[in-house]
Amino acid sequence: MAKFIDLSMALSTEGNLERMPKIIYSTHRETAQTYAPAYGITPSDFREGKYCAVERITLGTHDTTHLDAPWHYAPTSEGKPAKTIDQIPLEWCYSDGVVLDFHHKKKGEGITAKEVLKALDNIDYQLKPFDIVLIRTDTYKHYHEGCYEYMHPGMTAEATLCLIEHGIKVVGIDAWGWDRPHDVMSEELRAGNKEQFWESHYLGITKEYCHLERLANIDKIPKPFGFKVAAFPIKIEGASAGWVRAVAIFED
């Protein structure tokens, strides 16, 4: 039997993010009342006067655990029309996983290419094309706290490029975003430093790649490699991102 570790956040209305999903829950008894007229029957015709539980959700494609497609970064990538989420090759989304541990990094700090290479050296691992690299920050533990979206370190463009140049197509982080928090980047932008504003997102214009955001439980993965990651996005036509139930898989 394979062992699975859930790397996804639960879709919930609880939390303090700027945007929170809305979920309308309809109970079995409520849907008996709602659907009976459409079926030409009465609510009492359902067993015990109960029908089915149903939920209706209002949710942005970049809310909860999701995969960003190149179309999110810009209209083009590597000189061609950027792929939307429904065009992402499924082969990119299932591969060997690698965990790089940066949970010691502080809010707003950038993770450099030198630090990525050192983290790889620490675990004695050489990247190969299509590995799925997971960046551990442990920020997910603060998801239900205020200012969660401002708490994490982020990947610099040079660090992201370092991974892409090893043939990596999908990367992920257990934080609000792949780049540093937008309050830090905005302050730098106002000070005249434009190059670091969403630097890793904009890297997608010249280098095609996808990143997973708002992952969870990377710290529960017992070893830095030797497992698979499955991160298939919901197929939303023409969209810039898709929700993901990401999992780490360990075979016996």
Taking alpha-carbon centroids only, segment 195-227 lies from segment 117-133 a number of Å equal to 13
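Suppose every K and R has +1 on its Cβ and every D and E has -1 on its Cβ; what is the size of the dipole of segment 15-172 about the Cα centre, in Debye to the nearest 20? Walk me through the numbers on the way to the answer.
Numbers: 17 positive and 22 negative charges, 70 e Å.
Roughly 340 debye, rounded to the nearest 20.
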Here FRET efficiency (C-beta to C-beta, residue 56 to residue 251, R₀ 45 Å, nearest 0.05) is 0.75
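Over segment 161-201, give the accessible area per residue in Å² for a 1.4 Å probe, as an integer.
On the way: 1750 Å² over 41 residues.
Ligands and nucleic acids excluded, the result is 43 Å² per residue.
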For the chain, the accessible surface attributable to carbon and sulfur atoms (probe 1.4 angstrom, ligands and nucleic acids excluded) amounts in percent to 54
Answer check: segment 1-111, Cα atoms, Kirkwood Rh, Rg/Rh ratio of 1.14
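How much accessible area per residue does segment 30-135 have, in Å², with a 1.4 Å probe? Spell out each step's value before the answer.
Details: 5900 Å² over 106 residues.
Dividing the accessible area of segment 30-135 by its residue count gives 56 Å².
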Expected vector for segment 54-61, Karplus 3J(HN,Hα) from phi with 6.51, -1.76, 1.60 and θ = phi - 60°, integer Hz, x for Gly and Pro, equals 9, 10, 10, 10, 10, 8, x, 5
Checking 189, 161, 100 against a Gaussian network model of the chain (alpha-carbon springs below 10 Å), the top fluctuating residue turns out to be 189
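With r as the distance between the Cβ atoms of residue 205 and residue 27 and R0 = 45 Å, compute the FRET efficiency 1/(1 + (r/R0)^6) and round to 0.05. Mind showing how you got there, number by number?
Details: r = 48 Å, r/R0 = 1.06.
The formula returns an efficiency of 0.40 here.
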Most packed first (mean Cβ within 10 Å per residue), the peptides 105-113, 24-32, 200-208 order as 200-208, 105-113, 24-32
Which residues qualify? For residue 207, with a placed amide H closer than 5 Å and at least 5 residues away or on another chain, they are 78
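Ranked from highest to lowest mean number of other Cβ atoms within 10 Å per residue, what is the order of the peptides 220-232, 79-91, 44-56?
Working: 220-232: 17.3, 79-91: 14.5, 44-56: 12.6.
Peptide ranking by packing, descending: 220-232, 79-91, 44-56.
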Among beta bridges assigned by DSSP with both residues in the chain, the antiparallel ones amount in percent, to the nearest 5, to 65
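The values are calculated or read from the model by the stated rules, or taken from the named source; none is laboratory data. On a predicted model such as this, the values are computed, not experimentally measured, just so you know. Cβ: placed from backbone, ideal geometry, glycine included. Neighbour counts: every protein chain shown. Accessible surface is based on the protein model in full, side chains and every heavy atom, while ligands, DNA and RNA are left aside. Shrake-Rupley method; radii C 1.70, N 1.55, O 1.52, S 1.80 Å.
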